[in-house]
Amino acid sequence: MTCLQTTILEKINSPEDVKKLSIEEMNILACEIRKGILNRVNQIGGHLGPGLGMVEATIALHYVFNSPVDKFVFDVSHQCYPHKMITGRKEGFTEPTEHPEISGYFNYKESPHDPFMIGHTSTSVSLATGLAKARDLKGEKYNVIALIGDGSLSGGEAFEGLNNASVLGTNFICIVNDNEMSIAENQGGLYKNLQELRETKGQAVNNFFKTFGFDYIYVENGNDIQDLIEAFNKVKDIDHPVVVHIHTLKGKGYEPAVTDKESGHWALAGFMDKKENNISEVPECYETLTNNYLIEKTKQDKDVIAITSATPGVFWWNKDFRAKLGKQYTDVGIAEEHAVAYASGLAKNGAKPVYAVMTSFVQRTYDQLSQDLALNNSPATILVYWGGISSADATHLGLYDISMISNIPNIVYLAPTCKEEYLKMLDWSVEQTQYPVAIRIPTANYVSTGVEDNTDYSDLNKYKMTEKGADVAIVGLGDYYWLGKEVKDELLNSGINATLINPRFITGLDKDMLNSLKAEHKLAITLENGILNGGFGEKIASFYGNSDVKVLNYGAYKEFNDRVSMDELMTRYRLKKELIIEDIKNCL
C-alpha cells in the first residue's frame, strides 16, 4: 500500500468535513483511513478485512447523506471502522492504546452517529426497518440506510428483515456489501445468485432482492468513490425500498488480507510484525484435541459430521481440516438457529452431528435448543466454546450459556476440567443415542492430568468427590475446579481440610452426595465461570435452603460489562483465592 502521509484525515472531525473534499482528496483520505485501520488492529487486534474493503463506500455515504439525521445501521459492526474515523473517533485508530473508550463495534454510547450497539450478525435490516417505520409514524423525513455484508445475508434474521422492509412503501435503503466472502468462503444457495448478479453486472433475470419487491441498483466497482457517489445520489430521498448491491474487495489495501481473505478477516495485535506461523508449533489445546478427534472419528465412522455456523476459524477448522472431512463437514452460514435444527434432523436420522458454536452466539439458538433439539430428544453433540467471564465487548460476553442450556429438559450439559475428561465426554456423547449433549469446553486453562477418565457418563448427574474433608465443601464447576483446588490447598494452612468436588454435570444435582455432606459440613462453596442468576450454584443453594448448610455462590453478576479488565471483574465478583478464603473464614 502506497500513499501520502496523513494530511486529510487530521482535518476530518465530522461528516461535514468529508463533504468539502474533492474526489482526489477523498481518495487520499481512503488511503489514510486504511492506515488507521491497520494501525489499530496491529496495536490492539480486531477486524481487518471487512473495514478495509468498505472504506470508499463509507466515505461516499457520508459525502452524500447527512448523518446523524440520516440513520446508518452497520451489520455485525465489522465494517464500521471507517465510519468511526469519519464521525469524530479517529483517535481510536491513530492512537488506539490511548483511547480504549473507542470500541471495535457500532456503539450508541460513543456517538449519535451510531443508533445502536451492535456486535452480532444479520440484524441491521431489522433494526433499520424499525427506525424507518417509527420515522413514518411520526411524519418525519430522512433516509434510513442498512449496511449488510460479510455473509450476514445467510442469517435468518436478514431474510426476515428484508421480507418486512420490502413492503414499507417508503424510504428504505439497503447497502449490500458483496465482497464474495463470508468470514470464510460463502455458503448456501443465496450466494449463487449474488455471483450471477456480479457476473451479469446486476442484469440477471434471477434477482434475490427483486423477489422481495425491492428496487435494485448494482455497482460493479464498489471501491470507486465516484461510482459510489453517483449510485448513492440516485437513491437519496427515494420514496420506496431499494437495494444497492456493491461489489467490493475484502482486505483492499493490505495484500495479505486480500490473498488470504479468511485469515485476514480478523487479526491479533502485532500481526504485521510477525512471521507466518508454523502450524506444527501450535501447542496442544482443546481446539487441537477436538480437531484431531474429529479427523480420526470421521475416518472410522461415516455417520459423524462436524457443523459450524460460519465461524470455522474460532475452532481452528482451517481449510486443511475442512478438506479432510469433506462431505462430513457442513458450514450452514451465519445461521445458528438452523444449525441446531439441522443437527437435530441429522441425529434423528441416525447421523452423529457435532456442532461447534461460540458461547456468545448460543443465545440465538434458545428456541431451537428447546423445541427442535431437546423436545425431540435428538442425540446431537453441541460443543460450546469461549464460555466464561471475560474482558470482551458487551456484545460478545460468554456468560449466559449455563443458565440457558442447563434449564432445558432432556439436555445433558457437561463441564470437563481437563483433557482426559473432555475426550471421554466427547466420545461418549458422539456414540450415545439417548440425549442431546452439550459440552462446555474450558477456557480458563488447559490441563492434562495424565490419568485416563473411565467415567460412565450415561449414569447421569454423579459428581466426583476428589478430596474428602469436613466443614467446607468446595464445588468447582469445569475450569473453575482448579480455582477450587487452590482454595482447598490454601485452607489447609489455616487448619481447614475442605472437601473438593468436581461436579462434571451442569444440568443436574447429585442429591445423594449433597445429602451426605450435611453431616460433616457447615458451608458449601460453588464456583462457576458464568452468570450466577439461574446458574449452577443457585441450584445447590436452593437444595440446601431448608438445611443447616450455608452456601456461598461465586460467579458473575447480571450485568453488561464492556471491556472491563479481568482483574477488576475477579475482584468485583470476589473470584480470587484470597477473597474466597476471607469469605469462608468470616462465614465459619
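All of the numbers you see were taken from the coordinates with simple rules; none came from a lab. Treat the numbers as computed from the prediction; the structure is a model and nothing was measured. Here the Cβ is made from the backbone with ideal geometry for all residues, glycine too, and neighbour counts use every protein chain on show.
A simple spin-label model places the labels of Ile44 and Asn410 4.5 nm from each other, with each point 7 Å out along Cα-to-Cβ.
Ordering 101-113, 11-23, 370-382 by mean Cβ neighbour count within 10 Å, with the highest value first, yields 370-382, 101-113, 11-23. Working note: Karplus 6.51/-1.76/1.60 with θ = phi - 60° gives region 475-490 the couplings 10, x, 8, x, 5, 7, 4, 6, 5, x, 5, 5, 5, 4, 5, 5 Hz, where Gly and Pro are set to x.
The 3J(HN,Hα) values that the Karplus relation (6.51, -1.76, 1.60; θ = phi - 60°) gives for region 334-349 are, in residue order, 6, 8, 4, 4, 4, 4, 5, 5, 4, 5, 5, x, 4, 5, 5, 9 Hz. Gly and Pro appear as x. Need one word for region 280-440: rounded, prolate or oblate. Basis is the Cα gyration tensor (sqrt eigenvalues a ≥ b ≥ c); a/c below 1.5 gives rounded, then a/b vs b/c decides. In terms of gyration-tensor shape, rounded.
Only helices enter this figure: runs of n ≥ 4 DSSP H residues, each worth -39500 (n - 2.57), summed and divided by the residues of the chain, yield -10000 deg cm²/dmol at 222 nm to the nearest 500.
State whether region 28-153 is rounded, prolate or oblate according to the following rule on the C-alpha gyration tensor (a ≥ b ≥ c being the square roots of its eigenvalues): a/c under 1.5 gives rounded; otherwise a/b larger than b/c gives prolate, and the remaining case gives oblate. Taking the square roots of the gyration eigenvalues as a ≥ b ≥ c, region 28-153 is prolate. Report the residues of region 489-503 in range of a label on Asp471: point 7 Å along Cα→C-beta, backbone N strictly under 16 Å from it. Within reach of a label on Asp471: 489-500. Mind running the shape call on region 378-500? Use the C-alpha gyration tensor, a ≥ b ≥ c as the square roots of the eigenvalues: rounded below 1.5 for a/c, prolate if a/b tops b/c, oblate otherwise. Here region 378-500 falls in the oblate category.
Electrostatic bookkeeping for Leu588 treats Lys and Arg as +1 and Asp and Glu as -1; over the other residues with beta carbon under 10 Å from its beta carbon, the sum is +1. Extension gain, Lys324 to Lys274, is 15.2 nm, computed as 0.36 nm per intervening residue step minus the present C-alpha separation. The modelled label-to-label distance between Val282 and Val451, using points 7 Å beyond Cα along the C-beta direction, is 3.0 nm. In this Cβ point-charge picture (+1 for Lys and Arg, -1 for Asp and Glu), the chain has a dipole of about 600 debye about its Cα centre.
Each residue of region 286-299 was assigned a 3J(HN,Hα) from its phi angle through the Karplus expression (A = 6.51, B = -1.76, C = 1.60, θ = phi - 60°), giving 5, 5, 5, 4, 4, 5, 5, 4, 5, 4, 6, 5, 5, 5 Hz with x at Gly and Pro.
Each Cα pair under 8 Å and six or more residues apart adds its separation to the average, and for the chain the resulting relative contact order is 10 percent.
Over all other residues within a Cβ to Cβ distance under 12 Å of Met513, the charged ones net out to +4, with Lys and Arg as +1 and Asp and Glu as -1.
Remark: relative contact order (region 464-587) = 25 percent; criterion is Cα-Cα distance under 8 angstrom and separation of 6 or more residues.
On full extension, the segment bounded by Lys236 and Ser565 gains 114.1 nm, given 0.36 nm per residue less the C-alpha separation. The orientation-averaged projected area of the convex hull spanned by the Cα atoms of the chain comes to 28.6 nm². Packing here is the average count of other Cβ atoms within 10 Å per residue, and on that basis the peptides 573-583, 195-205, highest first, run 573-583, 195-205.
Below 12 angstrom from the Cβ of Arg40, what's the summed charge of the other residues (Lys, Arg +1; Asp, Glu -1)? Net of charged neighbours comes to +2.
Each label was represented as a point 7 Å from its Cα along the Cα-to-Cβ direction; for Tyr142 and Ile23 these points are 3.0 nm apart.
The separation of region 230-308 from region 127-159, counted between C-alpha centres, amounts to 26 Å.
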